[in-house]
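The values are calculated or read from the model by the stated rules, or taken from the named source; none is laboratory data. Model, not experiment: these values are computed from the prediction. Methodologically, a virtual Cβ is constructed for each residue, glycine included, from the backbone with ideal geometry; neighbour enumeration extends over all protein chains shown.
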Ligand code: ADP
Ligand code: ZN
């Protein structure tokens, strides 16, 4: 039956779905998921069709103006997913739709890159070429080349091969001998790379057990639970992903692999591209560094069905593949899967929801499961698979805890490298083995204090101290990007008494270089990696053994393989531990385990030094003994006692304004209304200043709620907010399952 009406969500936020008439000419193409142009007020707007209702209560309907695209942009399951997100994450459907479709697709502006192709208009005889040669020798050369072509080729390539120019080509065109035609070609961000095809490795026993479980799930996707693959670093998880994808393809299905943005390195992409090298377009890659044009091409490669595997960061969970058979979420514990702007979704959780909607298998892999996922496995909601051994049979590295309190007593001042780490580094340099030093803080000095009046240089917009960057010779705020010149004297009291204190990676690098003048030391953090290729170049040099000591932030903590690294130093393990965040302990445990996984991947056993002022904190002790289960038990006990996730969901409202009093007043009013609206099953916290009270010039107040029935809580929060008119300069945002509690 031909559709009479179409229900659409227009891209602009109006919090309402609208019905339009479907003109006869469009009837065979208007369906759920199509993009259309509709009249809206006195303009026209882009929109997505979300339903084909048989009847409508609306009156005075207007008609759809145009169809956008040759195919539905989204399938009905993705629209179902969008509705779920809207209800769960307390977020308008328009905002959700915006994440589902990349901007370049929504706008429909960028199209395929066009290239000029050349071919002969007819068969050219050699005599004809020779005849032409007398008058125009260059044209004759080019004509000869064209006459030899078996297929049209890009004009630019032809001219390069023959060393002839465009003018000559145009002359032949004028003579009617060659034809030039524009054709669409894909921009391939990996065009300059060659992929050598690889084949399945022979699995070890543990891997084989895990793959069998996956095969079972793929055979019965309707009833299979999500699988949690808990495998130590280097246990061969990626090989299992590859073989499971192969198996999904063999069943005529497609697959998505989610990888944290930071781990989406050329190395990772290459592993997938070379295993699935049978067609050039088999693997599409989605990440934030693609140009608009590249994103357009990759998206169409997926939508048209040419790409059957998508590897990408967070938003690739929305990849518009058909017949989805498998979603892999690598490093499922990574907090970067959480989007920190609306819609504030968590890609791992969405993968599980999408899996359920599309009857597809979901595989979560990690060396350090998140408490949420491990809890789900323990409760039987997920199926747990274990890989306890490293593929190469290497020992887990030896973890040594260095008590910084003792080191400080010995050295009298705060040293960056304790004695033990220092001598281990000397030993590695002698043996020509490599060292990684890890510190999760950029810059040179973390604060600039006046020893006369005690004033610190704080960011004018945020409640944090400015960090001194020596290379740039500026003070900068790591939260809002504000920068300032370095004062010679204290701007508050005028004394020449400024002292630098605290340290970041820049100072570690300088300090290490001073201690080991002959060693090659490099730093890898957001400051030193501003150039596009710097990251790749540094890693290449490190792999080739041209760097002895690599200093860096979390950029170097994850997913990289360096067989010659036998020593890892964690300069300060306490950085995350003392944040006012209930996940602080979990993050520290994960970080130590992940960083430690960098050591000793080759023939030689690795050693890890963890410098800390709190050597007996559980996350450090359990990480030291590689005891995940022990850590999990004690952390879970703490979470249960405090009603925190995974026992309860949390919902965090942030109320912010440039005017402190107005933000505070609004937060208090909102909390009062919530107290009236929420039944007793929900825990409602007092409104209080956020730990980070001021950010980017805005004063911030928090209201934390907890409960089990999250969709219900979301709806009550939405209704309360809708009924409460906030002053114009006050904004309230809702974060469901929050990860940023500062
Ligand atoms: P993980 O993802 O768990 O860190 P990887 O899949 O990257 O581990 O495996 C680590 C290394 O071991 C890789 O170089 C990989 O090619 C290799 N590897 C994995 N499985 C096998 C196997 N069954 N036989 C031989 N080598 C393997
Ligand atoms: Zn700031």
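Restricting to the range 226-241, and then to whatever is out of contact with any helix residue (DSSP H, G or I) (no Cβ under 8 Å at 6 or more places or on another chain) and at pLDDT 95 or above, can you tell me which residue is farthest from residue 590 (Cα to Cα)?
Keep residues of the range 226-241 that are out of contact with any helix residue (DSSP H, G or I) (no Cβ under 8 Å at 6 or more places or on another chain), which gives 232, 234, 237, 241.
Next, from what is left, pick out any that are at pLDDT 95 or above: 237, 241.
Numbers: 237: 17, 241: 22 Å.
Among them, the one singled out is 241.
Consider residue 491 carefully, then state whether it is more than 13 Å from ligand 2 (Cβ to nearest atom) and modelled with pLDDT of 85 or more.
The answer is yes for residue 491.
Just the residues that are assigned to a helix (DSSP H, G or I) and within 21 Å of residue 325 (Cβ to Cβ), please, taken from the range 56-82. Before the answer, list the steps.
Initial filter on the range 56-82 (assigned to a helix (DSSP H, G or I)): 76-82.
Scanning the range 56-82 gives 76, 77, 78, 79, 80, 81.
Residue 394 passes all but one of (1) within 30 Å of residue 205 (Cβ to Cβ); (2) modelled with pLDDT of 90 or more; which number fails?
The one condition residue 394 does not meet is (2).
With (1) free of Cβ contacts under 8 Å to residues at least 12 places away in the same chain; (2) away from ligand 2 (no atom under 16 Å from the Cβ); (3) farther than 29 Å from residue 612 by Cα as the list, and residue 485 as the residue in question, which single condition is left unmet?
Checking residue 485 against (1) free of Cβ contacts under 8 Å to residues at least 12 places away in the same chain; (2) away from ligand 2 (no atom under 16 Å from the Cβ); (3) farther than 29 Å from residue 612 by Cα, the one that fails is (2).
Taking the options 612, 588, name whichever one is buried (at least 18 other Cβ atoms within 10 Å of the Cβ), modelled with pLDDT under 95, over 14 Å from residue 372 (Cα atoms) and over 27 Å from the mean Cα position of the chain (by Cα).
Numbers: 588 fails: over 27 Å from the mean Cα position of the chain (by Cα).
Only one candidate passes the filter, namely 612.
What number of residues in the range 678-697 are surrounded by 15 or more Cβ atoms within 10 Å (Cβ to Cβ), closer than 27 Å to residue 709 by Cβ and either in contact (Cβ under 8 Å) with a residue 24 or more places away in the chain or within 16 Å of ligand 2 (Cβ to nearest atom) (or both)?
4
Select the strands (runs of 3 or more DSSP E) contained entirely in the range 319-402, then report the ones holding at least 2 residues which are within 16 Å of ligand 1 (Cβ to nearest atom) and under 18 Å from the mean Cα position of the chain (by Cα). Can you show your working first?
Numbers: elements: 324-330, 361-366, 383-387.
By residue number, 324-330, 361-366.
Those residues that are under 18 Å from residue 469 (Cβ atoms) and surrounded by fewer than 14 Cβ atoms within 10 Å (Cβ to Cβ), I need them from the range 492-513; list them, please. I'd like the intermediate steps shown before the answer.
Taking the range 492-513 as the starting set, the residues that turn out to be under 18 Å from residue 469 (Cβ atoms) are 498-513.
Selection gives 499 alone.
How many residues does the range 1-10 hold that are surrounded by fewer than 19 Cβ atoms within 10 Å (Cβ to Cβ) and in contact (Cβ under 8 Å) with a residue 60 or more places away in the chain?
Result for the range 1-10: 0.
Of the residues 404, 429, 439, which single one is surrounded by 14 or more Cβ atoms within 10 Å (Cβ to Cβ), modelled with pLDDT of 90 or more, within 21 Å of residue 507 (Cβ to Cβ) and out of contact with any helix residue (DSSP H, G or I) (no Cβ under 9 Å at 6 or more places or on another chain)? Walk me through how you get there before you give the answer.
Details: 404 fails: modelled with pLDDT of 90 or more; 439 fails: out of contact with any helix residue (DSSP H, G or I) (no Cβ under 9 Å at 6 or more places or on another chain).
After applying the criteria, what remains is 429.
Output the residues belonging to the range 435-455 that are assigned to a strand (DSSP E or B) and within 21 Å of residue 416 (Cβ to Cβ). Show your work before the answer.
At the first step, the residues of the range 435-455 found to be assigned to a strand (DSSP E or B) are 435-438, 445, 447-450.
Hits for the range 435-455 are 435, 436, 437, 438, 445, 447, 448, 449.
Quick check, is residue 457 within 16 Å of ligand 2 (Cβ to nearest atom), more than 27 Å from the chain's Cα centre (by Cα) and more than 23 Å from residue 554 (Cβ to Cβ)?
Values: within 16 Å of ligand 2 (Cβ to nearest atom): yes; more than 27 Å from the chain's Cα centre (by Cα): yes; more than 23 Å from residue 554 (Cβ to Cβ): yes.
Yes; evaluated as a whole, the condition is true for this residue.
Hey, among 605, 576, 599, which residue is more than 16 Å from ligand 2 (Cβ to nearest atom), touching a residue at least 40 places away in the same chain (Cβ under 8 Å), surrounded by fewer than 17 Cβ atoms within 10 Å (Cβ to Cβ) and assigned to a loop (DSSP other than H, G, I, E, B)? Even if it seems obvious, please write down each step before you answer.
Values: 576 fails: surrounded by fewer than 17 Cβ atoms within 10 Å (Cβ to Cβ); 599 fails: surrounded by fewer than 17 Cβ atoms within 10 Å (Cβ to Cβ).
After ruling out the rest, the residue left standing is 605.
Is one or more of the residues making up the range 465-478 surrounded by 14 or more Cβ atoms within 10 Å (Cβ to Cβ), free of Cβ contacts under 8 Å to residues at least 60 places away in the same chain, in a loop (DSSP other than H, G, I, E, B) and touching a helix residue (DSSP H, G or I) at 6+ places or on another chain (Cβ under 8 Å)?
Yes.
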